[in-house]
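Novice: Sharing a structure here in structure tokens format.
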Amino acid sequence: AVARVAAGEKINVAQVCRETGVSRAVFYVKLERFKAEGSAGLAPRSRAPHSRPSTTAEHVGEAVVRARKELADEGWDNGAITIRWRLLDIARSGEHPTGGPVLDPAEVPSRATVHRILVERGQVVPQPRKRPKAGRRFVHPA
């Protein structure tokens, strides 16, 4: 129907849209794309964003993984809270004890972001048995 309208044929757009389950606004968007790009304009397009401004910077992720390894080598707990504490301590002092990169205090990620970075990089082994029981609720008696 879009190709026929683009070729100049007169059709009942509202009826075609009802039959195909498409809004008229979508029909006219497809028509403009068809006129500009040909049949390639009718193909579905990606809905992914062009950029991801909230993505954590690569050097921050590297610092998190490095801090985890250093803590593990020193025999300390190397969870997200401890990693964040170490990164904050290094950022406040302005120098890394082993000569590594120093983050700005504003760049140090939150505990949740540290955990997400570790999961994305395969540093955390999932332990599904630790999940809380669903439906358990404790209510304080009145």
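Novice: Largest first, what is the accessible-area ranking of Glu19, Glu107 with a 1.4 Å probe?
Specialist: The residues order as Glu19, Glu107, largest area first.
Novice: For a quick check of understanding: with a 1.4 angstrom probe and all protein chains in place, what accessible area in square angstrom does Asp73 have, to the nearest ten?
Specialist: In the full protein context, Asp73 sits at about 110 Å².
Novice: To continue, here is another question. From the phi angles alone, apply the Karplus equation (6.51, -1.76, 1.60; θ = phi - 60°) to segment 92-105 and give each ³J(HN,Hα) in whole Hz, x where the residue is Gly or Pro.
Specialist: With the stated coefficients, segment 92-105 comes to 5, 6, x, 9, 8, x, 10, x, x, x, 10, 7, 6, x Hz.
Novice: Now for a different question. Tell me the carbon and sulfur percent of the accessible area for the chain, rounded to whole percent, probe radius 1.4 Å.
Specialist: On the chain, the fraction of accessible area on carbon and sulfur atoms equals 53 percent.
Novice: Work from the charge dipole of the chain (Cβ charges, +1 for Lys and Arg, -1 for Asp and Glu, about the Cα centre) and give the residue of Phe27, Val16, Val64 farthest towards its positive end.
Specialist: So the residue furthest toward the plus end is Val16.
Novice: Still on this structure, please answer the following. Tell me, what is the 1.4 Å probe accessible area of Trp85, in Å² to the nearest 10?
Specialist: Here the residue's solvent-accessible area equals roughly 150 Å².
Novice: Which of (i) 56, 43, 31; (ii) 49, 30, 29; (iii) 77, 54, 28 is the computed Cα extents along the principal axes in Å for the structure on display?
Specialist: Computing Cα extents along the principal axes in Å and matching it to (i) 56, 43, 31; (ii) 49, 30, 29; (iii) 77, 54, 28 gives (iii).
Novice: Placing +1 at every Lys and Arg Cβ and -1 at every Asp and Glu Cβ, with all other atoms neutral, what dipole size does segment 1-139 have around its Cα centre, in debye to the nearest 20?
Specialist: It comes to approximately 1100 debye.
Novice: Going by accessible area, probe 1.4 Å, with all protein chains left in place, what is the ranking of Ile81, Ile117, Ile11, largest first?
Specialist: These residues rank, largest area first, as Ile81, Ile11, Ile117.
Novice: Using 7 Å Cα-to-Cβ label points, what is the Ser39/Ser23 separation (nm, one decimal)?
Specialist: Label-label distance for Ser39 and Ser23, simple model: 2.9 nm.
Novice: So, for the chain, what is the accessible surface per residue at a probe of 1.4 Å, expressed in square angstrom?
Specialist: Dividing the accessible area of the chain by its residue count gives 77 Å².
Novice: Something else: Using a 1.4 Å probe and ignoring any ligands, DNA or RNA, find the accessible area of Glu95 and quote it in Å² to the nearest 10.
Specialist: Spelled out: Glu95, probe radius 1.4 Å, area about 130 Å².
The values are calculated or read from the model by the stated rules, or taken from the named source; none is laboratory data. All of these numbers come straight from a predicted model, not from anything done at the bench. Heads up, the Cβs are rebuilt from the backbone with ideal geometry, glycines too, and the neighbour counts pull from every protein chain shown. Accessible surface is based on the protein model in full, side chains and every heavy atom, while ligands, DNA and RNA are left aside. Shrake-Rupley method; radii C 1.70, N 1.55, O 1.52, S 1.80 Å.
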